[in-house]
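For reference, the structure is listed below as structure tokens.
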Amino acid sequence: MSSVLFGAAMWAAGKKDTVRGTLVQKPGQKPAVRTPSSKLVTLDGDEPTRGVLNDLRLAGLDFEAIGKFEGLDTLRIDPIHTRSMFIHRDGKRLMITYWCAVCAIRTYTPGKCWCCQEETALDPIEHD
């Protein structure tokens, strides 16, 4: 019996929550997703994830995030290395990445290239 309870607890611990809608960014407020039902879900995560959430190039896009709800209206997105943020475009689910065309380096959070220090370009790609 205890192995059944342990298995159920492990399944519940691994369960992920997903939110999808329009990414909303307002000065002085945490980024959020406005769902199709008009519910506003606040988004948070680790520092690199917050960098993506605050990237103005993503404002207003069809955005999906995977993580765990904290309360009813806040989703803590899984850490950046788990690739838990996507945009949807032309019927495709695209992973959010950033690209330096000078150095051919891909990163997962916006900012300057660690090599040449040029600003990286938003470059969503199909997730394998």
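What to note about this one:
- Length added when fully stretched, Q29-H88, from 0.36 nm per residue minus Cα-Cα: 18.9 nm
- Once the 1.4 Å probe is applied to the protein heavy atoms, the chain comes out at 61 Å² accessible per residue.
- Note on the chain: with a GNM built from Cα contacts shorter than 10 Å, the maximum mean-square fluctuation among V102, V24, V52 falls on V102.
- Given 15 as the ceiling on other Cβ atoms within 10 Å, longest exposed-site-free region of the chain for GluC sites (Glu not before Pro) in DSSP loops: 1-69
- Beyond 24 Å in Cα-Cα separation lie the following of the pairs K15/K39; K16/K112; K30/K92; K16/K39; K39/K112: K16/K112; K30/K92; K39/K112.
- Computed helical MRE - 222 nm, the chain, DSSP H runs ≥ 4 contributing -39500 (n - 2.57), nearest 500: -4500 deg cm²/dmol
- Size descriptors for the stretch 14-128, from the alpha-carbon set: Rg then Dmax equal 14.0, 44 Å.
- Helix axis angle, 2-14 relative to the chain longest principal axis, alpha carbon, degrees: 30
- As a fraction of the 1.4 Å probe accessible area of the chain, surface on carbon and sulfur atoms comes out at 58 percent.
- Exposed loop sites here mean trypsin sites (Lys or Arg not before Pro) with a DSSP loop assignment and at most 15 other beta-carbon atoms within 10 Å; the chain contains its longest site-free run at 84-128.
The values are calculated or read from the model by the stated rules, or taken from the named source; none is laboratory data. In this text the structure is predicted, and so the values were computed from the model without any measurement. Don't worry about glycine lacking a Cβ; one is built from the backbone with ideal geometry, like all the others, and counts go over all protein chains shown. Quick note on the areas: whole protein, heavy atoms, side chains included, nothing else; ligands and nucleic acids left out. Shrake-Rupley method; radii C 1.70, N 1.55, O 1.52, S 1.80 Å.
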